[in-house]
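K.L.:
What follows is a structure written as structure tokens; I'll ask about it next.
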Amino acid sequence: MESINIKDVARICGVGVSTVSRAINNHPDINPETKDMIMQVVKEHNYIPNNSARNLKRTDSKAIAVLIKGISNPFFSKMIRIFEKEIHKKKYSFIMQHVDAGEDEVDVALELIKEKKPRGIVFLGGFFSHSKEKLEQLAVPFVLSTIGMTDSLEESPFYSWVSVDDFAESYKMTDYLCKLGHKRILILAATKDDESIGRLRLEGYRKALKDNGIELDEALCVFSGVGRDCYTMDYGFMAMSRILEEKKTDFTAVYAISDSIAIGACKAITEYGMKIPEDYSVAGFDGLDIAHYYNPTLTTIRQPVEEMAEATIKILFDVVSNHADHQKRVFKAELMEGESTRNVK
């Protein structure tokens, strides 16, 4: 019989690699039925864990791990390059671990700690609504970066985070569109159950409408499907294409919660034979390089990505090497006016 690896077992069972690893290692934090299913597949396919490889990995302890949820989001590319450069400057090795949309990042981190024993961890992107008890299982310092400033994160003294104020910056962009005279602003949001950045940016949009005397129309709130990576051009293109085809909703402006979504939406609008900003104004969030080179240039919220990445690593090494207190850093973003929006007063 052809040999299989742990990824094959995960695929057959329809679970994440970290779940398979927990089952094989008799970890208590796993559903018994799921564990039985995994062990049955392991038995049927004669899967043998590579213990020698595992033991070899455990010897590498001078390392920093970066766990990325939403790896297709180009906003993270520059941050990852800075992380790698700064980590190598400190003579540490760099471990990058992708976390699938359906995986629990803390579970993945626990397995990583067991396997490779990093000195510290950066959680980059994704949702983060774990309990204090769950987070206390992590035996190494960690920093939450660009995850969103929810109340639970803001109040906790047990870990560090780095972000912009997603609520305030989203409010700023929506208020800007309102001041241009737009009263029907469609938002391309994340999933309905998003409890992190997506929720904060949606709440900023809603509050800005209210403060400008504009009644919220729920039909103008468009959400991504559950389980898909929503910070993508593909989501923006598909969602906007559907909206234009259905012709159910009138609007004059589109606010996308990321530049990637905005650029996808722009492509759908132009393919439909409409013009930006003559027919629709379009605005994004993040400040990607492509926003400046796109035609028309995109109005966006530019996050100080370099400063945020450098601060993330500095804080982590302060805690790891100097046993410093955990820190909270909130960076100011900048509204960059492009050619994709216009005054309709």
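K.L.:
Under a plain spin-label model, where a point goes 7 Å from the Cα along Cα-to-Cβ, how far apart in nm are residue 193 and residue 34?
P.N.:
It is 1.3 nm.
K.L.:
If you don't mind, there's one more thing I want to ask. Between 134, 267, 314, which gets the highest mean-square fluctuation from a Gaussian network model of the chain, Cα cutoff 10 Å?
P.N.:
Largest GNM mean-square fluctuation: 134.
K.L.:
If you bin the C-alpha pair distances of segment 165-302 every 5 Å from 0, what whole percents do you get?
P.N.:
Per 5 Å bin, starting at 0, the Cα pair percentages come out as 2, 11, 23, 26, 23, 12, 3, 0.
K.L.:
Would you give the gap between the C-alpha center of segment 169-236 and the C-alpha center of segment 79-105, rounded to a whole Å?
P.N.:
30
K.L.:
Have a look at 308, 164, 330 and report the one farthest towards the positive end of the charge dipole of the chain, computed about the Cα centre with Cβ charges (Lys/Arg +1, Asp/Glu -1).
P.N.:
308
K.L.:
Also, I was wondering about something else. Roll a 1.4 angstrom probe over the protein heavy atoms and tell me the percent of accessible area of segment 165-302 that is carbon or sulfur. Spell out each step's value before the answer.
P.N.:
Working: 3010 of 5860 Å².
Of all accessible area on segment 165-302, carbon and sulfur atoms account for 51 percent.
K.L.:
Pick from 102, 284, 120: which is most flexible by mean-square fluctuation in a GNM of the chain where alpha carbon atoms under 10 Å apart are linked?
P.N.:
102
K.L.:
Something else: Give the ranking of 96, 173 by solvent-accessible surface, highest area first, calculated with a 1.4 Å probe. List each step's numbers first, then the result.
P.N.:
On the way: 96 95, 173 0 Å².
Largest to smallest exposure gives the sequence 96, 173.
K.L.:
Would you calculate, for the chain, the mean residue ellipticity at 222 nm contributed by helices, counting each DSSP H stretch of 4 or more residues as -39,500 (n - 2.57) and dividing by all residues, to the nearest 500? Display every interim value, and only then the final one.
P.N.:
Numbers: 14 runs with 152 residues, N = 345.
Calculated from helices alone, the mean residue ellipticity at 222 nm is -13500 deg cm²/dmol.
K.L.:
Shifting gears a bit: Just reorder 81, 201 by solvent-accessible area, largest first, 1.4 Å probe, all chains present. Working shown, then result.
P.N.:
On the way: 81 145, 201 10 Å².
Output order, biggest surface exposure first: 81, 201.
K.L.:
A follow-up question, please. Can you pick out the pairs among 172/207; 85/134; 192/345; 7/43; 179/267; 7/114 whose Cα atoms lie more than 21 Å from each other? Please list the in-between numbers first.
P.N.:
On the way: 172/207 10 Å; 85/134 31 Å; 192/345 32 Å; 7/43 15 Å; 179/267 25 Å; 7/114 18 Å.
Over 21 Å apart, Cα to Cα: 85/134; 192/345; 179/267.
K.L.:
Also: How big is the dipole moment of the chain about its Cα centre under a simple scheme where the beta carbon of each Lys and Arg is +1, that of each Asp and Glu is -1, and everything else is neutral? Debye, nearest 20, please.
P.N.:
Around 800 debye, computed over the chain.
K.L.:
Quick check for you: with a 1.4 Å probe and neighbouring chains kept, what is the accessible area per residue of the chain, in Å²?
P.N.:
On the way: 16580 Å² over 345 residues.
In whole numbers, the chain has 48 Å² accessible per residue.
K.L.:
Once both labels are modelled 7 Å past Cα along the beta-carbon direction, what's the residue 91-residue 292 spacing in nm?
P.N.:
Going by the 7 Å Cα→Cβ label model, 3.7 nm.
K.L.:
So, one more: Which value does Rg/Rh take for the chain over its C-alpha atoms, Rh per Kirkwood? Before the final figure, lay out each step's value.
P.N.:
On the way: Rg = 22.1 Å, Rh = 21.7 Å.
Using Cα coordinates only, the ratio equals 1.02.
The values are calculated or read from the model by the stated rules, or taken from the named source; none is laboratory data. Computed from a predicted structure; not experimentally measured. Here the Cβ is made from the backbone with ideal geometry for all residues, glycine too, and neighbour counts use every protein chain on show. Areas reflect the complete protein model, heavy atoms only, side chains present, ligands, DNA and RNA absent. Shrake-Rupley method; radii C 1.70, N 1.55, O 1.52, S 1.80 Å.
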